[in-house]
Amino acid sequence: MNNSEALGCAGLTFRYLEQNKKNVLQDVSVSFPKGQITVLMGRSGCGKSTLAALLAGLYPENGGILVSGSIRLFGKKLSDFSIPERAQKLSMMFQNADLQFCMETLREEMLFCLENISCPQEEMDRKVRLAADKTGMTDLLDRKFATLSGGEKQKAALACIFLLQKGDGVILLDEPFANIDAYWAERIAADLKAMNQEHGMTIIAVDHSLDHWLERADLLIVMDGESHVLDPIPMAEVR
């Protein structure tokens, strides 16, 4: 067991059912250090989002085949965590925010999330208000998701992430600032950095740009065109 690792995988080979048995990922191994912010980059189609979904435990149950490999969360097999345990230790924000929600409004979504982790009823409203305030969604808590813009949906998804995560957990973000204006992207990035510094939160961000991470992230990991993960680069060497 690597005591400094929050999330990692070894020998992941994966393919989607509809892609004629072509592997999307081939023998991928990567380790994300505990308490650090890591940015995962690579050209479009190299498998970044697929890797993030696998690390979050969303596949192979949802339309794919894990040919080989294992995933670890704080040194324990990811599959050994119950769903409520995993939800409090590991959260993911999708690139397509519409995939994030199962209720009609953000308030309903957040209350549903809190019920799933057995949050005491008397704490729910306070937690909802705090998470909504962090992402500028307080005035939109009761608006139907169908009426929100793409950027507002992204912020709603981030509000749910802020809501659920405890101290030293892991947040996986897939293009977190897509469709969000520069002001809110910068503010949310600052809040994520504060969570990292104050609580030891591990943050893994799939992003096409370093704009909001260059001064905040610790490591850069690049996937090449063959879905190989290259050695981590300290962000200090990139600045």
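The combined condition, being surrounded by fewer than 17 Cβ atoms within 10 Å (Cβ to Cβ) and under 16 Å from the mean Cα position of the chain (by Cα), is fulfilled by Asp191. Every listed requirement among (1) closer than 29 Å to Ala10 by Cβ; (2) in contact (Cβ under 8 Å) with a residue 40 or more places away in the chain; (3) among the aliphatic types (A, V, I, L, M) is met by Leu106 save one, (1).
All of Leu7, Leu12, Leu51, Leu111 fail the test of being of a type in the set (A, V, I, L, M) and over 29 Å from Ala159 (Cβ atoms), apart from Leu12. Is there a residue being in contact with a strand residue (DSSP E or B) (Cβ under 7 Å, 6 or more places away or on another chain), of a type in the set (Gly, Ala, Ser), assigned to a helix (DSSP H, G or I) and within 22 Å of Ser209 (Cβ to Cβ) anywhere in the stretch 152-160? The answer is yes; a qualifying residue exists.
Being modelled with pLDDT of 85 or more and within 17 Å of the chain's Cα centre (by Cα): is that true of Ala146 here? Criteria not met by Ala146. Note on the stretch 67-103: residues that are more than 24 Å from Ala10 (Cα to Cα) and charged (D, E, K, R) total 1. One residue stands out among those in the stretch 16-37 that are within 21 Å of the chain's Cα centre (by Cα) and farther than 20 Å from Lys76 by Cβ: the one that is surrounded by the fewest Cβ atoms within 10 Å (Cβ to Cβ), which is Tyr16. Counting only residues that are among the aliphatic types (A, V, I, L, M), part of a helix (DSSP H, G or I) and modelled with pLDDT of 90 or more, the stretch 193-239 holds 2 of them. Inspect the stretch 161-168 for any residue being in contact with a Phe, Trp or Tyr (Cβ under 9 Å, 6 or more places away or on another chain), within 24 Å of Leu7 (Cβ to Cβ) and buried (at least 22 other Cβ atoms within 10 Å of the Cβ) and give the result as yes or no. Among the residues of the stretch 161-168, not one is in contact with a Phe, Trp or Tyr (Cβ under 9 Å, 6 or more places away or on another chain), within 24 Å of Leu7 (Cβ to Cβ) and buried (at least 22 other Cβ atoms within 10 Å of the Cβ), which makes the answer no.
Among the residues of the stretch 158-175, those that are at pLDDT 90 or above and out of contact with any Cys (no Cβ under 7 Å at 6 or more places or on another chain) comprise Ala159, Gly169, Val170, Ile171, Leu172, Leu173, Asp174, Glu175.
Checked against (1) of a type in the set (Asp, Glu); (2) surrounded by 20 or more Cβ atoms within 10 Å (Cβ to Cβ); (3) touching a strand residue (DSSP E or B) at 6+ places or on another chain (Cβ under 6 Å), Glu104 passes all but a single condition, namely (2). May I ask you to verify whether Ile171 is in contact with a strand residue (DSSP E or B) (Cβ under 6 Å, 6 or more places away or on another chain), among the β-branched types (Val, Ile, Thr) and either in a helix (DSSP H, G or I) or buried (at least 18 other Cβ atoms within 10 Å of the Cβ) (or both)? In short, yes. Please find, within the stretch 225-239, the residue that is farthest from Gly42 (Cα to Cα) out of those that are without any contact (Cβ under 8 Å) to a residue 12 or more places away in the chain and not hydrophobic (A, V, I, L, M, F, W, C). Ranking the candidates gives Glu237 first. Here the condition is being farther than 24 Å from Ile203 by Cα and not aliphatic (A, V, I, L, M); of Gln121, Gln95, Gln88, it holds for Gln121 alone. Residues in the stretch 65-102 that are farther than 30 Å from Lys22 by Cα, in a loop (DSSP other than H, G, I, E, B) and without any contact (Cβ under 8 Å) to a residue 24 or more places away in the chain: Ser82, Cys102.
The values are calculated or read from the model by the stated rules, or taken from the named source; none is laboratory data. A quick note: this is a predicted structure, and the numbers were derived from the prediction, not measured. So basically every Cβ, Gly included, is an ideal-geometry build from the backbone, and we count neighbours across all protein chains shown.
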